[in-house]
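Values in this text are rule-based calculations from the coordinates and carry no lab data. Not measured: the values here are computed from a predicted model. Backbone-built Cβ (ideal geometry, glycine too); neighbour counts: all protein chains shown.
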Amino acid sequence: MAASSVAASELLHNMNKQIWILCPKASCIIRRISTTSSRCYSQPQRRAKSAPQQLVGVVGLEIHAQINSNTKLFSGSPVRFSAPPNSLVSFFDSSLPGTLPVLNRRCVEAAVMTGLALNCTINRKSLFDRKHYFYADLPAGYQITQQRRPIAVDGELTYSLLGGKNRNQVIRKTVNIKQIQLEQDSGKSLHDDVHSQTLIDLNRAGVGLMELVMEPDMSCGEEAAAAVRELQLILQALGTCQGNMSEGQLRVDANVSVHRPGEPLGIRTEVKNINSIRYLARAIDYEIQRQISVLQRGGTVQNETRAYDSKSGETIPMRDKEGLQDYRFMPEPNLPPLIVYGDNASLPTGTDACQAVVVQKIREGLPELPSVKRDRLVQTYGILPEHSFTLVNEDGLVEYFEAVLKATKKEPRKVIGWVTNELLGHLKQQDMSVISPPALAELLELQEKGHISSSVAKQVFQEMWRSSGKTASQIIQEQDLGLVSDTAQLHSICQKVVDSNPDEVLAIRNGNKKVLNRLIGLVQRETKGRADPVLVKEILQEKTS
Amino acid sequence: MLSLTIREVSLALREGRISPTELCRRCLNRIKKTRHLNAYLTVTEELALKQAQEAEARLLQGVPKGPLDGIPFAVKDNFCTENVKTTCASTMLRDYTPPYNATVVQRLMDQGAVLVGKTNMDEFAMGAGSTDGAFGPVKNPWSYAAPYSEQTGAEPDSDWVITGGSSGGSAAAVASLTSYLALGSDTGGSTRNPGALCGVVALKPTYGLLSRHGLIPLVNSMDVPGIMTRSVSDAATVLGILQGLDVRDSTTIPAPSSLTELPEDFDVKNMCIGIPKEYHAPGLSEEVIAQWSRVADMFERAGARVEQVSLPHTQYSIVCYHVLCHAEVASNMARFDGLEYGHRSEVNSSTEAMYASTRHEGFNDVVRGRILSGNYFLLKQNYQHYFVKAQKVRRLIADDFKHVFSSGVDVLLTPTTLTDAARYSDFTQEDNRTRSAQEDIFTQPVNMAGIPAVSVPTALSRRGLPIGLQLIGPAIQDKKLLSVAQWIEQRVGFPSISECRNDTRMIEREQTSAV
């Protein structure tokens, strides 16, 4: 089934929570997406040598990605989110008798492009099938999908996650993609329990989906989350899916089971109703733990569909709507086999090359994929792989970083920490940025030119974050944070410090030069960190020699 | 005037012997007078007169749109017509009015043809008698013609014969001279069968040559809009207008060439006419066999080669047809759930309960039975045993035809039906499934193969009822097929119903219905 009805209300709920960070001047958008908040519960290396092996999680994913196209998969209706109910519905979408599907070439190209980006084999000939079930938001009583022969098969997705002691090691993993199939989305049902009514919105009915089936090659929520995040980045880079989970453009169902390594896979459950990557990780880890404790109590895991409740953080069994489903698959008789061509040379004579889907042409048009982008950033800016991983994983952060670089002469590897630590650290707490790239660049320039010390710079950054709109210079001026370089003033402060710390001065004079740093620190304390450190050192050296 | 062919009446319109509005009025009057036939479910009087006036304006200005400008036509009630009720003769769609025209209807209207009404049928085209619609059976116009009553002594009111089906209303409309042309649909013979029993030319074109967009489907992979006319030449004219690609139907194919007029003196010399031996089926009436031989002899005498050929898988066709048909029916009927359109039951205790009672109330037992068995064939555990096997046999049946045509046979000559039309009282003794299996025997293999076939009326039986023969041709050779059909038509001398009308009875009938 393409959609669950429970998701509808959840969707609305989440729309309000959606978090956008705007950097107006750089015209880039950053959205916080956490892929690193949870950790694998069951690492294989943790198991004891002789004791029975520990149960570990096995995770496979079924992902529905809404194709980013102007019109629906088989009709000319526009595709738009949050349009008035039933305003984007053609005769075909509402299954009026006598209407027929007409395949949207853009959707086929999107599926082929996605397949190529995921190293799939593109089937030159694929077929459409009808999958039958009665549901109020499925007007035809069947969904057109690709059951027998999907458009793309046998791919793989390489994704990375940060591991190691300090979580600064980039660990690469691979998950196999079984297939990508084209299919129609369903409409939405909104259940009004008070009046016991069901309201149907068919705007989404017939929108093109790519169903991606990821093999159970993952072992925990974090891996699944990282894989989905990578997929999301790829889809967004390709432009084949906008990938916004809260708008339902990317819907992930997780198949979760547990077993002891080397033994057959356990009975799996399907976890649905997950509408963010963060929840995906939590839902999977909860479900793995739940299954482990069921088994440890001597119970058995039921093969069932469970819904994730983001409020409680639990998965709960979904009421089985119709008991055992038999989808009664049948070839779709109104659509001839879908043929794609390898290259222009393989087009049959008389075929209009503009009307045909040519794999070679699509391959040539593939944009830079996230993994390539990460390597490029490492090479171009001399930053560390974990930095480029973080940059690329956060929406808009690369653009932010590059915009800062444009406005400052500071070296990239000195800027990166400001972006991945200071900025991101604040974003994690507040989810809202008011510091535009030029504003940050201004701050860094001031530091680079010696107007402020690095510790003051961090202080100013915090102040900029708090008082939106104020520039670094304004804050420095208002709070008198500028570096004190007045030699006379510094001489007097230093003298005061030297006078009141005779023991330290003696130690220095006796050859313990390290003690000088303590005096420097005292001077900085006097000046609230604003004293020019180079000058201070010179003066103190002079006074203690 | 009403008994003319399209070609003749088109000429009369151009020469000003009659105006489109006058012609339209006469047809509408005749529809009223023949209401007892139950051929029409909706008569589009207002629309027809408006269209006729527009045609008249064009004709007066000397700029007619084509040979169909101003010609009244009827459409089977499973083709969608914009703002005109389209019921499929089912309670389910009793009050359904589509917001668009089927492509074939639109193409006729674009040519200036005048829609006079929507014709009766078996519910959702499931039947071979036009006796299983929600709005009553269609009566064969020949029941009221002189030969039938004179030769059998039958009383038309009690002993009337069926039209065949499922496009019985369309066949009756053309045969009773209320329209010059009617669209039927042909899935297993639904155009050719009533065409033969009502004595009209009935063409089932090559699959894909005519758009199915707007035809409420029975079996998508076999459905073809059918053309019913009073002459083969008229059928060719209409085919020329309707054929060709439609972006709304991805299974359409380009027209092989713009279909020019059929040659008046087609030469059958050196042609090879195949007589499939498997079509000597049990139950085939002596009279039909006699007509079959008569026409075969005509070909032979004209210098054609007449050869017995074999289509060895024919005997399995009807069983496979039923499996594939029922499976697609189960699927196609799933959309009728009472939510978006159509009948909705009062039961509202749950969505499922509403579905169930809506579908129980909306469909007749034939439709429900096919939905049940179709779903059974599609069950995971049965799919390979039924659906896949039937598809494989379907391929064998299509290959049978291919082999025959590639071995030098130009067209096949077969009966269209086993017998002439049955009395309603006799026909309804058997259940729909048995009757469909009997009636579709000669017609449905063609649908399995997607190739063109045409039924041509050849003679009246001893009971004074029409007998038709079927010609089957290779894919996309519809024009050649029609050329051969016209050759037969020119030689068999099939009488016009207007020549053998039983005036007294008809007048009495008309008076009763007028009261």
Item to check | Contact order normalised by residue count of the range B:150-228, Cα under 8 Å, 6+ apart, percent | outcome: 31 percent
Item to check | Cα-based helix-to-principal-axis angle, A:105-117 vs chain A, degrees rounded to 10 | outcome: 50 degrees
Checklist entry - How many partner chain Cβ atoms sit within 10 Å of a residue's Cβ in peptide A:99-110, on average, as a whole number? => result 3
Checklist entry - Between residue A:467 and residue A:480, 0.36 nm times their residue separation minus their Cα-Cα distance comes to what? => result 3.1 nm
Checklist outcome for this item: To the nearest 10 degrees, the tilt of helix A:397-406 (Cα long axis) against the first principal axis of the alpha carbons of chain A is 40 degrees
Next on the checklist: With the cut-off at 1.5 for a/c, could you classify chain B from its C-alpha gyration tensor as rounded, prolate or oblate?
Outcome noted: rounded
Item to check | Between the range A:64-123 and the range B:39-114, the alpha-carbon center distance in angstrom | outcome: 33 Å
Checklist entry - When the Cα centres of the range B:294-339 and the range A:472-487 are compared, how far apart do they sit, in Å? => result 95 Å
Checklist entry - residue A:495 to residue A:538: FRET efficiency via 1/(1 + (r/R0)^6), r the Cβ-Cβ distance, R0 22 Å, to the nearest 0.05? => result 0.95
Checklist outcome for this item: Note, the range A:334-345: 3J(HN,Hα) by Karplus (6.51, -1.76, 1.60, θ = phi - 60°), whole Hz, Gly/Pro = x, goes 8, 10, x, x, 8, 10, 10, 10, x, 8, 4, 5
Checklist entry - Relative to the first principal axis of the alpha-carbon coordinates of chain A, what is the inclination of helix A:6-17, with its axis defined by its Cα atoms, in degrees from 0 to 90 and to the nearest 10? => result 30 degrees
Next on the checklist: Relative contact order of chain A, please, whole-number percent, based on alpha carbon pairs below 8 angstrom and at least 6 residues apart.
Outcome noted: 16 percent
Checklist entry - Can you pull out the GluC sites (Glu not before Pro) in the range B:7-64 that DSSP calls coil and that have at most 13 other Cβ atoms within 10 Å? => result B:15
Checklist outcome for this item: Output field shielding_mean for B:326-334 (other chain Cβ, 10 Å radius) holds 5
Next on the checklist: What does the extension gain come out to for residue B:384 and residue B:302, with contour length at 0.36 nm per residue minus their alpha carbon separation?
Outcome noted: 24.6 nm
Checklist entry - How much length is gained on full extension from residue A:154 to residue A:199, taking 0.36 nm per residue of separation minus their Cα-Cα distance? => result 12.2 nm
Item to check | Peptides B:402-410, A:191-199, A:287-295 ordered by average Cβ neighbours within 10 Å, highest first | outcome: A:287-295, B:402-410, A:191-199
Checklist entry - Applying 1/(1 + (r/R0)^6) with R0 = 30 Å to the Cβ-Cβ distance of residue A:346 and residue A:119, what FRET efficiency is obtained, to the nearest 0.05? => result 0.90
Checklist entry - Expressed as a rounded percentage, what relative contact order does the range B:2-149 have, with Cα pairs under 8 Å and six or more residues apart? => result 26 percent
Item to check | Label-to-label distance, nm, for residues given as residue B:500 and residue A:312 (7 Å Cα→Cβ offset) | outcome: 8.0 nm
Checklist entry - Using a Förster distance of 30 Å, how high is the FRET efficiency between residue A:368 and residue A:428, based on the Cβ-Cβ distance and rounded to 0.05? => result 0.65
Item to check | Label-to-label distance, nm, for residues given as residue A:414 and residue A:294 (7 Å Cα→Cβ offset) | outcome: 5.7 nm
Item to check | Between the range A:152-222 and the range A:316-383, the alpha-carbon center distance in angstrom | outcome: 15 Å
